[in-house]
Amino acid sequence: MPNKGINEFTYILPSTGTNITYKILTHGDEQKIQAEIDGLKKINKNVSAELSTRLKYMITSVGNERDPKTIREFVDNQLLARDSRELRKHIKDTQPDVDLTFFPDGSSERVDIPIGIKFFWPDFWDRFTIPN
């Protein structure tokens, strides 16, 4: 249940029953995560630690413990794969998102709307075309 106006949500892990709180990542969090992942790749190029690194930034408490070291140890050593999968599914289902699906003329065929610079400024690239 969310606390109104606070980016913190509670979730009980289904397999272990562990009560955690998590947050929706911000742009600042994403930058910190990317920096950490880049650092880990310098140490070992064959290891992909993106998933566990993201969880370490998302989870804000385990039980009532908010110590970052405790959270990191929990993600690395105690979080079961099935609980991790259910937590990520829960977050995906509950976090805000924009659905850009379009069904033209009421058809059942789905069309994804590509959002890029040409969507907002269609003539932007025309300024940079080289005349023949």
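Quick check on the stretch 3-21. Is at least one of its residues acidic (Asp, Glu), surrounded by 12 or more Cβ atoms within 10 Å (Cβ to Cβ) and in contact with a strand residue (DSSP E or B) (Cβ under 7 Å, 6 or more places away or on another chain)?
yes
Scan the stretch 4-46 for residues that are in contact (Cβ under 8 Å) with a residue 24 or more places away in the chain and of a type in the set (Asp, Glu) and jot them down. Can you show your working first?
Filtering the stretch 4-46 down to residues in contact (Cβ under 8 Å) with a residue 24 or more places away in the chain leaves 8-9, 11, 13-16, 18-25, 29, 32-33.
Residues satisfying the conditions are Glu8, Asp29.
Return a yes/no flag: does the stretch 48-58 have any residue that is free of Cβ contacts under 8 Å to residues at least 24 places away in the same chain and among the hydroxyl-bearing types (Ser, Thr, Tyr). Please lay out each step first, then the result.
Taking the stretch 48-58 and keeping what is free of Cβ contacts under 8 Å to residues at least 24 places away in the same chain, we get 48-50, 53, 56.
Filter once more, keeping what is among the hydroxyl-bearing types (Ser, Thr, Tyr): 48, 53.
Among the residues of the stretch 48-58, at least one is free of Cβ contacts under 8 Å to residues at least 24 places away in the same chain and among the hydroxyl-bearing types (Ser, Thr, Tyr), which makes the answer yes.
I need the full set of residues from the stretch 39-68 which are assigned to a helix (DSSP H, G or I) and among the hydrophobic types (A, V, I, L, M, F, W, C), in order please.
Leu40, Ile43, Leu51, Leu55, Met58
Look through the stretch 86-111, keep the residues that are among the charged types (D, E, K, R) and more than 13 Å from the chain's Cα centre (by Cα), and return whichever of them is farthest from Thr10 (Cα to Cα).
Asp105
For residues that are touching a residue at least 60 places away in the same chain (Cβ under 8 Å) and more than 24 Å from Gly28 (Cβ to Cβ), tally how many sit in the stretch 79-106.
Within the stretch 79-106, residues that are touching a residue at least 60 places away in the same chain (Cβ under 8 Å) and more than 24 Å from Gly28 (Cβ to Cβ) number 4.
Looking only at the stretch 8-17, decide whether some residue is charged (D, E, K, R) and either assigned to a strand (DSSP E or B) or under 17 Å from Glu86 (Cα atoms) (or both).
Checked against the condition, which is being charged (D, E, K, R) and either assigned to a strand (DSSP E or B) or under 17 Å from Glu86 (Cα atoms) (or both), the stretch 8-17 yields no hits at all.
Leu51 fails exactly one of the following numbered conditions: (1) exposed (fewer than 10 other Cβ atoms within 10 Å of the Cβ); (2) of a type outside the set (Ser, Thr, Tyr); (3) within 18 Å of the chain's Cα centre (by Cα); (4) over 17 Å from Tyr11 (Cα atoms). What is the number of that condition?
(1)
Could you tell me which numbered condition Ile24 fails, if it satisfies all but one of (1) modelled with pLDDT of 90 or more; (2) part of a helix (DSSP H, G or I); (3) of a type outside the set (Lys, Arg)?
Every listed condition holds for Ile24 apart from (2).
For the stretch 73-85, which positions are surrounded by 10 or more Cβ atoms within 10 Å (Cβ to Cβ), in a helix (DSSP H, G or I) and more than 17 Å from the chain's Cα centre (by Cα)?
Those that are surrounded by 10 or more Cβ atoms within 10 Å (Cβ to Cβ), in a helix (DSSP H, G or I) and more than 17 Å from the chain's Cα centre (by Cα): Glu73, Phe74, Asp76, Arg82.
Go through Thr60, Thr53 for me and flag whichever is in contact with a Phe, Trp or Tyr (Cβ under 7 Å, 6 or more places away or on another chain) and polar (S, T, N, Q).
Thr60
The values are calculated or read from the model by the stated rules, or taken from the named source; none is laboratory data. Because the structure is a prediction, the values reported are computed rather than measured. Every residue, glycine among them, receives a Cβ derived from its backbone with ideal geometry; neighbour counts consider all protein chains shown.
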